[in-house]
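Below is one structure, written out as structure tokens, with a few remarks after it.
The values are calculated or read from the model by the stated rules, or taken from the named source; none is laboratory data. Predicted model only: the values in this text are computed from it and were never measured. A quick note on method: Cβ atoms are made from the backbone with ideal geometry, for glycine too, and the neighbour counts reach across all protein chains shown. Side chains included, ligands, DNA and RNA excluded: accessible areas come from the protein's heavy atoms. Shrake-Rupley method; radii C 1.70, N 1.55, O 1.52, S 1.80 Å.
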Amino acid sequence: MAECFVFDITESLLSKLASYVYEEASRAYGVYDDLRGIKDTLSIVKGVLLDAEEKKEQNHGVREWLRQIRNVCFDAEDVLDGLDCQNLRKQALKASGNTRMKVDHFFSSFNSLVFRFRMAHQIKHVRRRLDKIAADGNKFGLERIDVDNRLVQRREMTYSHVDASGVIGRESDREKIIKLLMQHHPNGDGYGDQSICVIPIVGIGGLGKTTLAKLVFNDKRMDDLFQLKMWVCISDDFDIRQILIKIINSASASAPTIALAHQENIKNFDIEQLQSRLRHRLSGQKYLLVLDDVWNDNRPKWTQLKDLIKVGAVGSKILVTTRSNSIASMMGTVPSYALEGLSLENCYALFNKWAFKEGEEKKYSNLVEIGKEIVKKCIGVPLAVRTLGSSLFLNFNLERWEFVRDHGIWNLKQEKDDILPALKLSYDQMPSYLRHCFAFFSLYPKDYGFTGAKVVNLWVSLGLLRSEVGSQKLENAARLYIDELHSRSFLEDFEDFGNIYYFKVHDLVHDLAQYVAKEEILVVDSGTRNIPEQVRHLSVVENSLRDALFPKSSRVRTILFPTDGVGVDSVALLDAWIARYKFLRILDLSDSSFETFPNSIAKLEHLRALSLENNRRIKRLPQSICKLQNLQVLTLRGCVELETLPKGFGMLISLRQLSITTKQSILSEDEFASLINLNTLSFEFCDNLMFLFRGTQQLKSLEVLIVQSCRSLESFPFHILPKLEVLFVIRCEMLNLSLNCENPIERLRMKFLHIEECPRQQTLPQWIEGAAETLQTLLISNLHSLEMLPEWLTSMTHLKMLHIVNCPQLLYLPSDMHRLGALEDLTIDGCSELCQKCEPQSGEYWSFIAHIKHLSIGETREGKLLFQMQKQIRLKLQDLQN
């Protein structure tokens, strides 16, 4: 049964109605009594919603009643958002001092008299509808339940790659696969006509095929056996071109001599260019290639790919994971390895690991026995065992455990080996607000790599986040949600860099997200024949769109294009959407290709996020875009033909995040200073830009600054950035970070600094010393002119991570390295003489650094140091620029 998420929606709406801002606005516009009436009725309705959600699966009338409540709440949100828009518009006009704009405002439909009449009419209409629907609910005999008792229980955890010691019951499977990889296979280990050896691992979803492949892939014996290791996730779409790009990128990432920039250039290659690059990369190399989660049963496609990659040295192997026996037979050159379910004993151990703290199960023998009965229903599938165990973590209520064991969902008709009931039960244990947030993962394709910023922007734009602690940042609230979902085993491949993080969602968990969100969210592809009117969020994953396919209702709040290479090329289609979907919150037009943007964009007054990323044709933005006072995220990254930013963009007073690619040589400092909520600013491929700002006005709210591939940039003034915490400077050939720092801020707030490929930098700039009490991470890469590290570096009392990579002229460390008492992670690679001085036991610097917890010098990680650092850089930049 699809979710309605009504409880969470009503809580959010009641929170808005209770705020001082709305109370003042309602009095100003003469709608206080009606809004008070809506609040009172909604409070009564909310009391029975939890009981209604429990009964909706058995009662169609309750189900329809919940839909009506949801719809009227959404409409009420849109009306209240109109109040916000009007207030923001007034703030922007007041701040601008522009007389012409004030005159235009008076004669527009937004002047106070017209707006007051229209608002009163809309609010009265919402109140009448809500009163009627609430009265209709009385006939269902619903019980009042005021508190959602599905509490958040946070587990202490660390984030890392697959840890062999943390995987239960797969030791024997790992050894058998490794044995197969070490064997000589006469039917598939050679050149020419001989087929490359392909070993399939086959089993049902959630069984741990990917985990097993990771255990094998990361085993040290594989590093000795293969010169090159590559990992490619295939999932639903067996697109040869995309697979080639993934293989090349993975091969490049495995080689420490391949620069990060090279991985970004092949996206626009044609098949012939990709084939040539791939053959050059693999030729003569003994490699291991993992093709994870293959669904393709088209033999010609597989043959085409196999012929392209059959260029490695003797002994190269391909390891395939798939759910299909027929696919395994088609691809394999040796018999498939059929992965079985875990034994009951291992399932019990896995369940206890996730349901209890270590040793705690001994105190609750009654719960352990119930747990064994629950585990039996999980058919040996680790994902089901883990998610159910996680859902009961720190919950010692006997009734709750019995509820999970005896739930009717186990008795529903289901396919063989179906584990959706187990996942749904775990999902049902989550608080309403968390379930609502989780559902929006279904907007993105399977195997999509989520970044923290991507998730924050999505949830904030849709109003899903609530700060529990007064002025707590919404980013921090989002991190709490993410940590909770991770602790419940709904997320995987989690990579944590503190305030920057990255993760994926298991295919079966993605299926669950689609299942619970199917009434509200729809993925549009070539198989879509119609879009139901109740759908509010659309994700378009294929081209060849027809406007007739899209709903005529104005209810749509999200349109996004999450797949590389898929976008809009019709301005007429875009115009039609803008006219129709006036309540849009998110419009992500990444990878679109239109030259002009409609003036009508100003109609989308509710819009929170707009992305034109990688539109390589657009030259100008209309000035009307500056009327979007609700806009919080604007992404113009990769718009390489964009000539200038629109005049008046300083009116976007709600903007929190701005990513820019432009041909401008000079930026308007006044406009940027007017963006009073701007937190993150990114400049990329701004080839003509010589100076970011002249330094006359401060950007008082800016905390994150990214400057990448701005080849003419010479300097920028740090003294106008008093709150800067994160700085990335990458591939800026003319930049000298020591220039224009005559008046540096004595005490910087900087916590993270990354400098890469700035050839004019012979030493670290003096202003960094101002961050002695705050800097936690310092990453230095490809500074070929860097000759020394300053002695004041050792005054960085909070420095936890120091990475120095590819600085060949750097010969010495500061003499007082032992003073860096907080340093936990030191990496030095690509600095040959310095690496020799830091060699374990024998190096002259060894005694200074031996105490550091995570220490990586030269090739101590089998050549993976640069790969790991590049991966971190990619993830961090991706996170901050989303």
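Residues that are buried (at least 17 other Cβ atoms within 10 Å of the Cβ), touching a His at 6+ places or on another chain (Cβ under 9 Å) and touching a residue at least 60 places away in the same chain (Cβ under 8 Å) number at least 2 in the following helices (runs of 4 or more DSSP H) confined to the range 1-88: 6-17. Considering the conditions (1) modelled with pLDDT under 90; (2) surrounded by fewer than 20 Cβ atoms within 10 Å (Cβ to Cβ); (3) of a type in the set (D, E, K, R), LYS454 is excluded by exactly one of them, (1). The residues of the range 344-363 that are within 18 Å of ILE379 (Cβ to Cβ), touching a residue at least 60 places away in the same chain (Cβ under 8 Å) and within 29 Å of the chain's Cα centre (by Cα), listed by number, are LEU350, TRP354. Per the conditions (1) in a loop (DSSP other than H, G, I, E, B); (2) hydrophobic (A, V, I, L, M, F, W, C); (3) out of contact with any strand residue (DSSP E or B) (no Cβ under 7 Å at 6 or more places or on another chain); (4) open to solvent by less than 30 Å² (accessible area, probe 1.4 Å), the sole criterion not satisfied by ILE601 is (1).
Restricting attention to the range 325-339, report how many residues are among the aliphatic types (A, V, I, L, M) and open to solvent by 50 Å² or more (accessible area, probe 1.4 Å). Walk me through how you get there before you give the answer.
The first filter runs over the range 325-339 and keeps only residues among the aliphatic types (A, V, I, L, M), leaving 327-328, 330-331, 334, 338-339.
Then drop every residue that is not open to solvent by 50 Å² or more (accessible area, probe 1.4 Å), which leaves 338.
Qualifying residue count, the range 325-339: 1.
Close contacts from the range 214-240, counting a first residue that is open to solvent by less than 60 Å² (accessible area, probe 1.4 Å) and a second that is acidic (Asp, Glu) and part of a loop (DSSP other than H, G, I, E, B), with Cβ to Cβ under 6 Å and a gap of 6+ residues or different chains, come to ASP223/GLU862; CYS233/ASP447; SER235/ASP447. Taken over the range 502-529, the criterion of being open to solvent by 10 Å² or more (accessible area, probe 1.4 Å), free of Cβ contacts under 8 Å to residues at least 40 places away in the same chain and assigned to a strand (DSSP E or B) is satisfied by LEU522 alone. For LYS413, the stated conditions do not hold, so it cannot be described as at pLDDT below 85, assigned to a helix (DSSP H, G or I) and surrounded by fewer than 19 Cβ atoms within 10 Å (Cβ to Cβ).
Take the range 530-575 and flag every residue that is among the β-branched types (Val, Ile, Thr) and either more than 26 Å from the chain's Cα centre (by Cα) or surrounded by fewer than 16 Cβ atoms within 10 Å (Cβ to Cβ) (or both). Don't jump to the end; show me each part of the working.
Our first condition is that a residue be among the β-branched types (Val, Ile, Thr); within the range 530-575, this holds for 531, 535, 540-541, 556, 558-559, 563, 566, 568, 571.
ILE531, VAL571 - these are the residues of the range 530-575 that are among the β-branched types (Val, Ile, Thr) and either more than 26 Å from the chain's Cα centre (by Cα) or surrounded by fewer than 16 Cβ atoms within 10 Å (Cβ to Cβ) (or both).
When LYS473, LYS424, LYS446 are checked against the criterion of being over 23 Å from PHE403 (Cα atoms) and modelled with pLDDT under 85, LYS473 stands alone in meeting it.
Here ILE578 passes the criteria (1) open to solvent by less than 40 Å² (accessible area, probe 1.4 Å); (2) touching a residue at least 60 places away in the same chain (Cβ under 8 Å) except the one numbered (2).
Scanning the range 622-644 for residues that are open to solvent by less than 20 Å² (accessible area, probe 1.4 Å), hydrophobic (A, V, I, L, M, F, W, C) and in a loop (DSSP other than H, G, I, E, B) yields a count of 4.
Tell me which residues, restricted to the range 709-734, are open to solvent by less than 20 Å² (accessible area, probe 1.4 Å) and at pLDDT 90 or above.
Scanning the range 709-734 gives SER709, CYS710, LEU713, LEU724, VAL726, LEU727, PHE728, VAL729, ILE730, CYS732.
A search for C-beta distances below 6 Å between a residue of the range 659-687 that is under 13 Å from LEU645 (Cβ atoms) and in contact (Cβ under 8 Å) with a residue 60 or more places away in the chain and any residue that is in a loop (DSSP other than H, G, I, E, B) and open to solvent by 30 Å² or more (accessible area, probe 1.4 Å), counting only pairs 6+ apart in sequence or on different chains, returns SER659/ARG637.
Scanning the range 799-820 for residues that are under 38 Å from the mean Cα position of the chain (by Cα), open to solvent by 30 Å² or more (accessible area, probe 1.4 Å) and modelled with pLDDT of 90 or more, we see that the one that is nearest to LEU764 (Cα to Cα) is GLN809. Of everything listed in (1) in contact with a Leu (Cβ under 6 Å, 6 or more places away or on another chain); (2) at pLDDT 60 or above; (3) surrounded by 15 or more Cβ atoms within 10 Å (Cβ to Cβ), the single unmet condition for GLN870 is (2).
Could you list, in sequence order, the residues of the range 107-128 that are in contact with a helix residue (DSSP H, G or I) (Cβ under 9 Å, 6 or more places away or on another chain) and either at pLDDT below 65 or open to solvent by less than 70 Å² (accessible area, probe 1.4 Å) (or both)? Before the answer, list the steps.
Looking only at the range 107-128, we keep the residues that are in contact with a helix residue (DSSP H, G or I) (Cβ under 9 Å, 6 or more places away or on another chain), and these are 108-112, 115-116, 118-120, 122-127.
Matches in the range 107-128: SER108, SER109, PHE110, ASN111, SER112, PHE115, MET119, ALA120, GLN122, ILE123, VAL126.
Does LEU783 meet the test of being at pLDDT 90 or above, closer than 23 Å to MET817 by Cβ and open to solvent by less than 10 Å² (accessible area, probe 1.4 Å)? For LEU783, the condition - at pLDDT 90 or above, closer than 23 Å to MET817 by Cβ and open to solvent by less than 10 Å² (accessible area, probe 1.4 Å) - is met.
Contact map, the range 530-544: residues that are over 22 Å from LEU458 (Cα atoms) and among the hydroxyl-bearing types (Ser, Thr, Tyr) paired with residues that are at pLDDT below 90 and part of a loop (DSSP other than H, G, I, E, B), Cβ distance under 9 Å, separation 6+ or inter-chain. Pairs shown: SER544/SER526.
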